[in-house]
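Written below as structure tokens is the structure these notes are about.
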Amino acid sequence: GIDSNPDDPGDSDTPGASSWHGTHVAGTVAAATNNSGTGVAGTSWGAKIMPLRALGKGGGTTYDVAQSIRFSARLSNDSNTLPPRKADIINLSLGSSQATNAERDAVAAAIEAGVIIVAAAGNENVSTPFYPAAYEGVIGVSASTITGEKAYYSNFGNYVDIAAPGGDLTAEQRLGILSTYVDGYQSGS
């Protein structure tokens, strides 16, 4: 259902163990710059973010993802509410190997409404289609290393359209992607 608080609660109940993935991705895209040397600059620091959390600490379903897509594309959805304007681009850094009609239909409707949808190819190092990245019209993104090679964990296959730096946090490399973060050890974070 609808949560009026868009803060990222993390994906773990253990303090300091959450990935803060949504916050990290939002920062990669739109972290503010010209802020006295604090933090990082996003790739489009003037972009506006419509923070939606389709999956919570306990995960979620493709129905939840479909409803978030429909809401952000300003299409009818089960919340019976619409944002003031539709998203131009929907980023989905989530997915599964299961395609569903609800998710496929939501993606198709959003694309028909003029929204660009970008989705992660997955992190299992397999060529099995990963959804929503493998749906028709979605830009599927795999992960690359600092040298431009496929990251060891990145999925691959004919549904992948482009690769972007994904980082390598193995003990040998420790090459992450800098972005915004949350200190999950402090109260209120």
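The values are calculated or read from the model by the stated rules, or taken from the named source; none is laboratory data. Treat the numbers as computed from the prediction; the structure is a model and nothing was measured. When we count neighbours, we look across all protein chains shown, and the Cβ atoms used for this are built from the backbone with ideal geometry, even at glycine. Just the protein is used for accessible areas: all its heavy atoms, side chains included, with ligands, DNA and RNA removed. Shrake-Rupley method; radii C 1.70, N 1.55, O 1.52, S 1.80 Å.
E112 meets the conditions (1) without any contact (Cβ under 8 Å) to a residue 12 or more places away in the chain; (2) crowded, with 22+ Cβ neighbours inside 10 Å in every case but one. The failed one is (2). Residues of the stretch 102-120 that are in contact with a helix residue (DSSP H, G or I) (Cβ under 9 Å, 6 or more places away or on another chain) and not in a strand (DSSP E or B): A102, E103, R104, D105, A106, V107, A109, A110, V115. The set of residues in the stretch 22-50 that are open to solvent by 70 Å² or more (accessible area, probe 1.4 Å) and either modelled with pLDDT of 85 or more or within 26 Å of A109 (Cα to Cα) (or both) comprises K48, I49.
From the set of residues in the stretch 164-185 that are of a type in the set (G, A, S) and closer than 15 Å to T28 by Cβ, which is modelled with the lowest pLDDT?
Filtering the stretch 164-185 for residues of a type in the set (G, A, S) gives 164, 166-167, 171, 176, 179, 184.
Next, from what is left, pick out any that are closer than 15 Å to T28 by Cβ: 164, 166-167, 176, 179.
On the way: A164: 91, G166: 86, G167: 77, G176: 74, S179: 78.
This residue is G176.
For the stretch 121-167, the set of residues classified as among the charged types (D, E, K, R), assigned to a strand (DSSP E or B) and either in contact with a Ser or Thr (Cβ under 8 Å, 6 or more places away or on another chain) or within 14 Å of A99 (Cα to Cα) (or both) consists of K150 only. Would you mind finding the one in A143, A102, A120, A66 that is over 21 Å from G27 (Cβ atoms) and under 18 Å from the mean Cα position of the chain (by Cα)? None of the other options fit; the residue is A66.
Evaluate the stretch 52-69: report whether one residue or more is assigned to a loop (DSSP other than H, G, I, E, B) and over 22 Å from D11 (Cα atoms). No; the residues of the stretch 52-69 include none that is assigned to a loop (DSSP other than H, G, I, E, B) and over 22 Å from D11 (Cα atoms). Close contacts from the stretch 32-44, counting a first residue that is within 12 Å of I177 (Cα to Cα) and in contact (Cβ under 8 Å) with a residue 24 or more places away in the chain and a second that is among the small types (G, A, S) and open to solvent by 80 Å² or more (accessible area, probe 1.4 Å), with Cβ to Cβ under 7 Å and a gap of 6+ residues or different chains, come to none at all.
Taking the stretch 47-81 on its own, how many of its residues are farther than 22 Å from P132 by Cα and free of Cβ contacts under 8 Å to residues at least 12 places away in the same chain?
Residues in the stretch 47-81 being farther than 22 Å from P132 by Cα and free of Cβ contacts under 8 Å to residues at least 12 places away in the same chain: 1 in total.
Filtering the stretch 51-91 to residues that are open to solvent by 40 Å² or more (accessible area, probe 1.4 Å), at pLDDT 85 or above and hydrophobic (A, V, I, L, M, F, W, C) leaves L52, F71, L82, I89.
With respect to (1) closer than 20 Å to G56 by Cα; (2) out of contact with any Asp or Glu (no Cβ under 7 Å at 6 or more places or on another chain); (3) of a type in the set (S, T, Y), the lone exception for Y131 is condition (2).
For T100, state whether it is touching a residue at least 60 places away in the same chain (Cβ under 8 Å) and either open to solvent by 40 Å² or more (accessible area, probe 1.4 Å) or out of contact with any Lys or Arg (no Cβ under 9 Å at 6 or more places or on another chain) (or both). Here the answer is no, as T100 does not meet what is asked.
Just one of the numbered conditions (1) open to solvent by less than 60 Å² (accessible area, probe 1.4 Å); (2) over 20 Å from D11 (Cβ atoms) is not true of F156: (1). Being more than 24 Å from L178 (Cβ to Cβ), in contact with an Asp or Glu (Cβ under 7 Å, 6 or more places away or on another chain) and of a type in the set (G, A, S) holds for only one residue in A73, A87, A66, A99, and it is A66.
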